[in-house]
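See structure below.
Derivation of every value follows stated rules applied to the coordinates shown; laboratory data play no part. In this text, all values refer to a predicted model and were calculated from it rather than measured experimentally. No Cβ is skipped: glycine too gets one built from the backbone with ideal geometry, and neighbour counts run over all protein chains shown.
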Amino acid sequence: MRTCLILVLTVLFMGMEAKAQQTASVPDRTASLGLLEADHNHAIDLQVTVDGVSYDEYWTKTFDAIFAFADGNSDGVLNEAEIRLVPSARAVRLSLGSGFTPPVTSIQSLKEIVVDGSQQCSKEDLRRYYLRHGAGRLQIGSGKLPHTASLSAALVQALDQDQDGRLSQTELQSAESTLRRLDTNDDELIGVGELIPNATYPGNWAANVLQASSDVDLSPAGDGSLLLKQLPARSDDPSIKNAIWQIAISDRLSEQPLNVATQTRCESWSVPGPLRGLFSQLSDEIAKAEVDPSQTGTSESSRAWLTPLADRDGNGALSQQEIEQWLGLQRQLIHGQLLISVYYGGGLFELLDANHDAGLSVHELKGMWQTLNSAGCTSGNHVDLSRVPNVVLFVVSQGYPETLAKSTTSDVDVEWFRLMDRNADGDVSRREFTGSPSAFDRLDQDHDGLISPLESTITN
């Protein structure tokens, strides 16, 4: 009896412990977006973590780090003299594009932070100042893809071999050979600029900041049939369907796919963004200034802009320790910067360009009919262009993304595959393969003329 009791208690304890761990592992909601359709409303709860802690907690620690950096006498408050070392809220926001807090719009007085007339600033005062001005909050921007109609028209014109104004299954299945003549740079990709001369993609960065008080019309016709907005809190309205989108920042940026069952095709993924590269460039330039003086003859003059930002002891000169402390603070600041770019107005090209690298690869060309058929865009043996869905892209990045391309070969462990995939489309073609024809044929097990990442791992 005693054994049974111990067993029951052990099972109950383990169950409670597992439940507690499961509850603890669910991150806090960082923000909530609303997708409002005519017949359905959807809420997207964004749960962002940075190095395993919630986004808000990370930024609270970052604000505390800024405070500690500026608090030269360590008395727990900032005075007028110390406030000069505090980057303004705008500078913190601008670090999303620069990789560090630039020396702009510096704080001139404690009055900008402390609203009660006090001559001292506490940690909580500083935190409220930053949050009040949008620093340390999730940045969300939107932008419309401008070339959708032109790209669709160019694709139809290039593929419609019999000139009947429609695309047949036969025409799409021969798309690879039909469009090969458009590949003017011979990279085995049919790029946006080759379909529409001089066009760039996406052509309009998602620079319109999503405001809590306004909606963004994501509908192709601009008729308000699909609206994007920020929600103040999770809604308990039964008519609103909630979706959870988890994003994690650590040594790399990752996210779970966004799953929203709307009439619109919503796709989400992450791209690295340029922040780490920009910060490394900044660090190198500062280090170079110490050993390679500028034309004025002194290393101090070449980094004069940095002195008022990092001179903690106020002696007018920078020590190596002060530089390292400032760089460490900048590293913490940019590590927590996150941008969600919402691109809307996509159509046929976005549907076919599966990895969103602004080019149709051999693999994507070969699978055109299957892609459109799976998306419900076909009728009989022809494509019904009226069924092509409105495509909205949600792209997560640290800094403004230089490209929207999903990661392909970068995740492949086989070194030769990464090196041979010169156009980074995620496959190695026969032209890219530098081995023997017999080796290619052995690896290309499905005989589609491409070696996939999975096929590259074959060892016998």
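At a glance:
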quantity: Radius of gyration and maximum dimension Dmax of the chain, Cα, Å; calculated: 27.0, 88
quantity: Cα centroid separation - the stretch 34-112 against the stretch 395-459, whole Å; calculated: 40
quantity: Sparsely packed GluC sites (Glu not before Pro) within the stretch 327-434, loop by DSSP, other Cβ within 10 Å at most 14; calculated: Glu402
quantity: Table column - 3J(HN,Hα) (Hz), the stretch 345-357, Karplus curve with 6.51, -1.76, 1.60, x for Gly and Pro; calculated: x, x, x, 4, 5, 5, 5, 7, 7, 4, 9, 6, 9
quantity: Convex hull of Cα atoms in the stretch 409-456, direction-averaged projection (nm²); calculated: 2.9
quantity: Using alpha-carbon coordinates, inclination of helix 2-25 to the longest axis of the chain, degrees; calculated: 90
quantity: Karplus-derived 3J(HN,Hα), 6.51/-1.76/1.60, for each residue of the stretch 427-434, Hz, glycine and proline x; calculated: 9, 10, 7, 5, 5, 6, 5, 9
quantity: DSSP beta bridges in the chain [antiparallel fraction, %, rounded to 5]; calculated: 60
quantity: Filter on Lys229/Lys366; Lys123/Lys288; Lys111/Lys229; Lys366/Lys406 - keep pairs with C-alpha separation over 30 Å; calculated: Lys229/Lys366; Lys123/Lys288; Lys111/Lys229
quantity: For peptides 434-447, 39-52, 213-226, sequence by mean Cβ density within 10 Å, most packed first; calculated: 39-52, 213-226, 434-447
quantity: Protection proxy ranking of 422-428, 279-285, 172-178 - average other beta-carbon atoms within 10 Å, highest first; calculated: 422-428, 172-178, 279-285
quantity: Potential extension, Ser250-Asn373 segment - 0.36 nm per residue separation minus Cα distance; calculated: 40.4 nm
